[in-house]
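In what follows, a structure is listed as structure tokens, so that the remarks can point back to it.
None of the figures in this text is laboratory data; all of them are computed from the coordinates on show. Fair warning: this is a prediction, and the values are worked out from it, not measured in the lab. Positions of Cβ are generated from backbone atoms using ideal geometry, with glycine treated the same way; all protein chains shown enter the neighbour counts.
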Amino acid sequence: MAPSIAAHLMRTESISRADTPEPSARQGRRNDSSQGGVQLLDSDGGLSERFEACLAHIFAKYIEPPFIADRAEGGLMKPPKDAYLTDSGLDRYATETNGQPFTTETKDELKEMIDCDDQGRLTLEGFFQIYQLQTENDEEETWKDLSTHGFGRDLNLVSSRREDEDEPVTSTTATTST
């Protein structure tokens, strides 16, 4: 089972990566950008623009009421500025990402430490904060989450992943008889 995101929030010091293939590499910047690899974090340690777009797309799948709109550039959804996740949306996200909903304690920790609206609902900025902290501490866990939600290591949606199962596929090929 994947570690709780809230557990990462409680860490204040950097974790040792001696048992990883690149122990001296900085979290979020392990892909070789000179070889076309994308980075999750930018040179200042913030979320890269592409990573933010992917996270916004994932967030949009769980907001309530459900977000219905045409997909933006690259096929990614962009939630409204005032979007939020209710507890049930957060539970659906956690279940689809980690196999089970967050405990009440984990949700309470998140609400104490992460950006929420006045009613305690997780905002997009709070969702970004969760992944900022997770990526700084365990980049591979972030890549697993992205993969679960249909993204490849280039941060593009991969059509063979679960993402396509969310929408019916309609054929645009006409059949002609001769």
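Using 0.36 nm per residue of separation minus the Cα-Cα distance, give me the extension gain between Glu125 and Asp42 in nm, one decimal. Walk me through the numbers on the way to the answer.
Numbers: separation 83, 0.36 × 83 = 29.88 nm, distance 1.69 nm.
Gain in length upon complete extension: 28.2 nm.
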**Asked** Using modelled backbone amide H atoms (1.01 Å from N, in-plane), which distant-in-sequence or interchain residues come within less than 5 Å of Leu47's amide H?
**Response** Asp42
**Request:** Show the residues, 5+ positions off or on another chain, whose built amide H is closer than 5 Å to the amide H of Thr86.
**Result:** Glu64
**Complete:** When the charge dipole of segment 47-151 is computed with +1 on Lys and Arg Cβ and -1 on Asp and Glu Cβ about the Cα centre, the Cα farthest towards its positive end, among Pro66, Leu133, Thr104, belongs to Pro66
**Message:** Show me, for segment 87-97, the HN-Hα J-couplings you get by feeding each phi into the Karplus relation (A = 6.51, B = -1.76, C = 1.60, θ = phi - 60°), rounded to Hz, glycine and proline as x.
**Reply:** 4, 5, x, 5, 5, 5, 4, 4, 5, 6, 8
**Asked** Whole-Hz Karplus ³J(HN,Hα) for segment 39-47, in order, using 6.51 cos²θ - 1.76 cosθ + 1.60 and θ = phi - 60°, x for Gly and Pro?
**Response** 10, 7, 10, 7, 5, 8, x, x, 5
**Message:** Give me, ordered by chain and number, the residues 5 or more places off Lys78 or on other chains with an amide H under 5 Å from its own placed amide H.
**Reply:** Ala72
**Potential lengthening between Glu96 and Asp115 on full extension [0.36 nm per residue; Cα-Cα distance subtracted]** = 4.6 nm
**Inter-label distance for Val158 and Thr86, nm, one decimal - labels placed 7 Å from Cα along Cα-to-Cβ** = 3.4
**Prompt:** What list do you get for Cys54, Cys116 if you sort them by fewest beta carbons within 10 Å?
**Reply:** Cys116, Cys54
**Request:** Could you tally the net charge around Gly120, taking each other residue with its Cβ under 12 Å from the Cβ of Gly120, Lys/Arg +1 and Asp/Glu -1?
**Result:** -3
